[in-house]
Amino acid sequence: MVNNLLTINLLELETEKNLMKEYSYTIPKKNSVIIVPNGGFIEPIKVSATVSKKQEQTYLIEGLVETQLKLPCDRCLSLNTLEVKELFKKQVLVTNQEIDLKEEDSEGFYRIPIGRLPLKELLQEAIEFSIPSKFLCQKNCLGLCYNCGTNLNDGQCGCDKNDVDPRLAVLKKYYDKKK
């Protein structure tokens, strides 16, 4: 099961001589526990990570997540591919308290209970950071016609550009005065 694969037992490092271990995962795109808002995965998610013990109960996880996403353009809504290659790095503190991994404390540590590091939240965060705040199919995307909804990248629609939504007529008058 994918959920069990995405948990690293940090106590295994206690038995390792060099106190460092490498992990590699491939998460099937259909069984992904990672959620992409308004999109999905084209390829499986490939994760490579190194966990090393730094001090008593303190670990460092560094890794790379790679995949391809299918996302809608923020202007014209056409689906496009986004290549994801995102590095992640977190310090982890093992504690006896049950604390949500999503919350980072004031010293920059993620606190986890009983030495079991769930990767799901780290991968979710890395993938979300790789998605631009404004994802466009092309730099000069024309978007959709505000009147009929035609994708203007495919050609003009023939709508009268002087037709203004009555709710926005006040703004049109304002901008006409500025010209």
In nm, give the distance between the simple-model label positions of ASN9 and LEU60, each being 7 Å from the Cα along the Cα-to-Cβ direction.
2.6 nm
Suppose R0 equals 41 Å. What FRET efficiency, 1/(1 + (r/R0)^6) with r the Cβ-Cβ distance, do TYR23 and LEU79 give to the nearest 0.05?
0.80
Distance between modelled label sites at ASP154 and PHE129, nm, 7 Å Cα→Cβ extension
3.8 nm
Structure shown: which of LYS21/LYS54; LYS54/LYS90; LYS70/LYS134; LYS70/LYS161 lie over 21 Å apart, alpha-carbon to alpha-carbon?
LYS70/LYS161
Burial ordering of TYR25, TYR59, TYR175, TYR146, fewest other beta-carbon atoms within 10 Å first:
TYR175, TYR146, TYR25, TYR59
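Every number in this text was worked out from the coordinates using simple rules, so none of it is lab data. Not measured: the values here are computed from a predicted model. When we count neighbours, we look across all protein chains shown, and the Cβ atoms used for this are built from the backbone with ideal geometry, even at glycine.
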